[in-house]
Amino acid sequence: MPDSGAVLAKKPAIDVDKIRKDFPVLSRTIDGKPLIYLDNAATTQKPWSVINRLFKFESEEYGTVRRGAYKLSERSTRLYEESRRKVADFLGAASKEEIVFTSGTTQSINLVAYSFGRRFVNAGDEVVISNIEHHANTVPWQVLCEEKGAVLKVIPVNDDGELIMTEYDKLLSKKTRLVAVNHVSNALGTVNPVREIVRKARAVGAKVLIDGAQSTPHMKIDVRELDCDFYTFSGHKMYGPSGVGGLYGKMEVLETMPPYVTGGDMIVQVTLEKTTYAKPPSRFEAGTPPISQVIGLGTAIDYLNGVGMDKIGEYEHSLLEYGTRLLRDIPGLRIIGTARDKASIISFYLDAAHPHDVVTILDQDGIALRGGHHCAQPTMKRFGVPATARASMSFYNKYEELDALAASIRRTIKIFS
Amino acid sequence: MSYSSELYQQVILDHNRKPRNFREMPNATHFCHGFNPLCGDDITVYLDVDNDHVIQDVSFTGSGCAISKASSSLMTVHLKGKKIEESKVIFDEFHKMVLGEFDPEKSENHLGKLTLFMGVREFPSRIKCASLSWHAMIGALEKKAEGITTE
């Protein structure tokens, strides 16, 4: 890893001062101190373009989708479907019909667990997850396996927080129905070798779900190149509104799946005796969807494309290197998650203070970061800590903010020693 | 003075560094495990109560943040020698104080040094840290074998 001087000497991939002007919340203060927002893995802030789009839509254009034959509704429907197209292009899907809007990654995974899982996973079958999954990619599979008499297998990780791929090989067999892993670990920042995971799962005939909640904000995704069956994401982690996200599913797989939630909008015909279901994606979008959120998500994707995912990845990687260097030098600080391939997430544990005390003191300095188990208790257990503090960086963060973070951590250690 | 420094008073920091009555109690008449699933704080409270309902000894073990450890430690110091009925009154006052529903500066109370935790009411996310061992203490008196959780 280069030293911090070398990182700084390089011309940044992004003009961060210009970027920051796009995000109004970044110029506010917390108790008189400038806000340093480092909880981007939990949720990201919104640029003006998204905020303005939501305002314009709500104040001038709002109408229901997929039903009314009047101007407002027709325009709403068109904007809603345009967003679907933007998401499909962003993820590299073959068609926009492969994108199902949901409330977010949690619902997307549950959709697959309930719909695909209940139809295709049977007694004695196996589902494979990893030891560094979010609870949202753990609990739905536990529930499914318990209900079906299937077996949940877990890919172990090494001390750096990397999946042990030779162990993964041993878990795969003809009994494997589904492999569900994250692309990027929310608790550690590890970038998993998803292409290899998919290729190996294919070889035994298993389907693959990739939880992309933490990858979609940081890197270019190409679901066709990955060849996965499902890919999930959350709008609020990619600078869009909360309450919306989605599921990419290969059309040939989506077509085999029964509805997950039933009601209006997901039918072709309903008689009192029988209902014929609509094709995907409508089959999985019962009820009135979060219309403005979907449209705001489309604008967030426009924004990300405008900045450029490659530049975002490059700049965030330099933040990761710089921050890792700074924090590694603090005595009594242990970085949890030291994989070779990481997204811009630094989880750490202090000998002197519990993560909850750390974040309370840091908050006093205007620094917002998460302390807790990050909905990844099995990961915490694997690393022998009850919780960690986690700094997760975005392309709107500055090197100086990481200097402030390091200073504040040193102050925390002093208070509790 | 900012709220945070009010939260982390010197006495609280001291009890975090050197928790009092931090030990198992093999002859406990009552004990209860308290768990906060949100942060992983994990505290067991032990009580030795005699036939006259007097708490002869009280101790705790486990791990947690500074607030939960100091709160457990100060609780044990405060409750030793108290009657069960008094302890329940103190629990009630303490709980209401950290929730911001009881102001010990304005009302007569039995809290003594425990008013140090008044600052907690400004930190909604830390209320459960301060009250975990107290809930475990009540759980122990009510013989809750399954333990208690804050959720």
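The values are calculated or read from the model by the stated rules, or taken from the named source; none is laboratory data. Bear in mind the structure is a predicted one, so any value in this text is a computation, not a measurement. Every residue, glycine as well, gets a Cβ built from its backbone with ideal geometry; the counts of neighbours run over all protein chains shown.
Data overview
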{"item": "Residue satisfying all of: in the stretch A:65-101; assigned to a loop (DSSP other than H, G, I, E, B) and touching a Phe, Trp or Tyr at 6+ places or on another chain (Cβ under 6 Å); nearest to A:Thr288 (Cα to Cα) among these", "result": "A:Val65"}
{"item": "Subset of the stretch A:366-380 [surrounded by fewer than 20 Cβ atoms within 10 Å (Cβ to Cβ) and within 11 Å of chain B (Cβ to nearest Cβ)]", "result": "A:Cys375, A:Gln377"}
{"item": "Unmet criterion (only one of (1) free of Cβ contacts under 8 Å to residues at least 40 places away in the same chain; (2) closer than 30 Å to A:Ala113 by Cα) for A:His356", "result": "(2)"}
{"item": "Selection status of A:Ser49, within 19 Å of A:Gly240 (Cβ to Cβ) and in contact with a Phe, Trp or Tyr (Cβ under 6 Å, 6 or more places away or on another chain)", "result": "yes"}
{"item": "Residue tally, condition assigned to a loop (DSSP other than H, G, I, E, B) and within 10 Å of A:Thr105 (Cβ to Cβ), over the stretch A:202-247", "result": "4"}
{"item": "Candidates A:Asp222, A:Asp211, A:Asp229 - the one that is buried (at least 18 other Cβ atoms within 10 Å of the Cβ), farther than 26 Å from A:Gly384 by Cα and in contact (Cβ under 8 Å) with a residue 12 or more places away in the chain", "result": "A:Asp229"}
{"item": "In the stretch A:381-400, the residues that are in contact (Cβ under 8 Å) with a residue 24 or more places away in the chain, of a type in the set (D, E, K, R) and surrounded by fewer than 22 Cβ atoms within 10 Å (Cβ to Cβ)", "result": "A:Arg382, A:Lys398"}
{"item": "Any hit, the stretch A:166-179, residues being at pLDDT 95 or above, closer than 28 Å to A:Lys311 by Cα, among the aliphatic types (A, V, I, L, M) and part of a loop (DSSP other than H, G, I, E, B)", "result": "no"}
{"item": "Filter pass, A:Gly337 being at positive phi, within 14 Å of chain B (Cβ to nearest Cβ) and either in contact (Cβ under 8 Å) with a residue 60 or more places away in the chain or surrounded by fewer than 23 Cβ atoms within 10 Å (Cβ to Cβ) (or both)", "result": "no"}
{"item": "Cβ pairs under 7 Å, 6+ apart, first in the stretch A:283-294 and among the aromatic types (Phe, Trp, Tyr), second outside any loop (DSSP other than H, G, I, E, B) and buried (at least 22 other Cβ atoms within 10 Å of the Cβ)", "result": "A:Phe284/A:Val100; A:Phe284/A:Leu111"}
{"item": "Residue count, the stretch B:117-151 (criterion: assigned to a helix (DSSP H, G or I) and either more than 18 Å from B:Ile67 (Cβ to Cβ) or under 12 Å from the mean Cα position of the chain (by Cα) (or both))", "result": "16"}
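Per-residue answers, yes or no, for (1) hydrophobic (A, V, I, L, M, F, W, C); (2) more than 19 Å from the chain's Cα centre (by Cα):
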site: A:Gln364; (1), (2): no, yes
site: A:Leu369; (1), (2): yes, no
site: A:His373; (1), (2): no, no
site: A:Thr379; (1), (2): no, no
site: A:Phe383; (1), (2): yes, yes
site: A:Ala404; (1), (2): yes, yes
site: A:Ala407; (1), (2): yes, yes
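So that you can scan it fast, the table gives a plain yes or no per residue for (1) surrounded by fewer than 21 Cβ atoms within 10 Å (Cβ to Cβ); (2) touching a Leu at 6+ places or on another chain (Cβ under 8 Å):
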| position | (1), (2) |
| --- | --- |
| A:Ser95 | yes, no |
| A:Leu111 | no, yes |
| A:Phe116 | no, yes |
| A:Arg119 | yes, no |
| A:Ala123 | yes, no |
| A:Ala136 | no, no |
| A:Asp159 | yes, no |
